[in-house]
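Asker: I have a structure I would like to understand better, so I am pasting it below and will then ask my questions one at a time.
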Amino acid sequence: MKFSAALISSVFTFASLVNAAPGDILCPAVVMPPHEVLAFTSGTPVYLLELSNQGGVATLTKTGLESGWNFGNGGMGYPWCPTSTWLNIVDSIRPWKPLVFSYSQVTTTWNAGYSKYLTANATKTYSESSDFLACRPLSLTDAEFAAAPQWTVFLLTDGAIPSATDETLEKVNVQSCVKTKLWIKGVCFS
């Protein structure tokens, strides 16, 4: 009886998974092409800026996260393997929900994949939304912002752009806020 190289390789891979010690993370030896998540609303100051992680806060910057994404279990994790941080929606009574990166996957309602808009599926507290709010943080001087633009990102659940500061927006310039969508770049997008 002859066995193919693919079958033998599969058996060894399965055996290594079964015999792996708890906590071992095994990733296939595949190099993912860059897959930026881009602000994709032309005519706005955030157009084509990339989703980034600045100290656990979701931001848009000139150079973002590009090593592929893990969309498992309704999540949005980075990098795709081994996933070390997850994009989570922070609960808020406001229609603009803060987005944070953390080591645990809390949000399981993302509808995400390559070559599509990032969308938050409906929950008990808000309807499905693919709208986001990007606001300039108050912590950057004009010179710092000009040299390296950085926008704090929120999920926007009702489409309304805020007109006044509240407890959720206390660290951003509310007058700078713009509505955008986030496009997850696929292999064929240029």
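Only the coordinates and a few stated rules stand behind these numbers; no lab work does. Note that the coordinates shown come from a computational prediction; the quantities given were computed from them, not determined experimentally. Every residue, glycine among them, receives a Cβ derived from its backbone with ideal geometry; neighbour counts consider all protein chains shown.
Asker: Modelled label-to-label distance, Phe71 and Ala147, 7 Å Cα→beta-carbon offset: nm?
Answerer: Between Phe71 and Ala147, the simple spin-label model gives 3.8 nm.
Asker: For Leu138 and Arg94 in the same chain, what is the full-extension length gain: residue separation times 0.36 nm, less their Cα-Cα distance, in nm?
Answerer: Gain in length upon complete extension: 13.9 nm.
Asker: Could you grab the Rg to Rh ratio for the stretch 115-158? Cα atoms only, Kirkwood for Rh.
Answerer: A ratio of 1.16.
Asker: Measure of size requested: the Rg and Dmax of the stretch 93-190, with Cα atoms as the atom set and Å as the unit; please supply both.
Answerer: Here Rg and the maximum Cα pair distance are 14.6, 42 Å.
Asker: Can you give me the distance in nm between label points at Cys81 and Asn173, each placed 7 Å from the Cα along the Cα-to-Cβ direction?
Answerer: In this crude label model, Cys81 to Asn173 measures out at 4.4 nm.
Asker: Please find the FRET efficiency linking Ala122 to Lys62, where r is the Cβ-Cβ separation and R0 is fixed at 30 Å, and quote it to the nearest 0.05.
Answerer: After rounding to 0.05, the efficiency reads 0.35.
Asker: Please work out the FRET efficiency for the pair Tyr103 and Ala160, using the Cβ-Cβ distance as r and a Förster radius of 30 Å; give the result to the nearest 0.05.
Answerer: Here the calculated transfer efficiency is 0.40.
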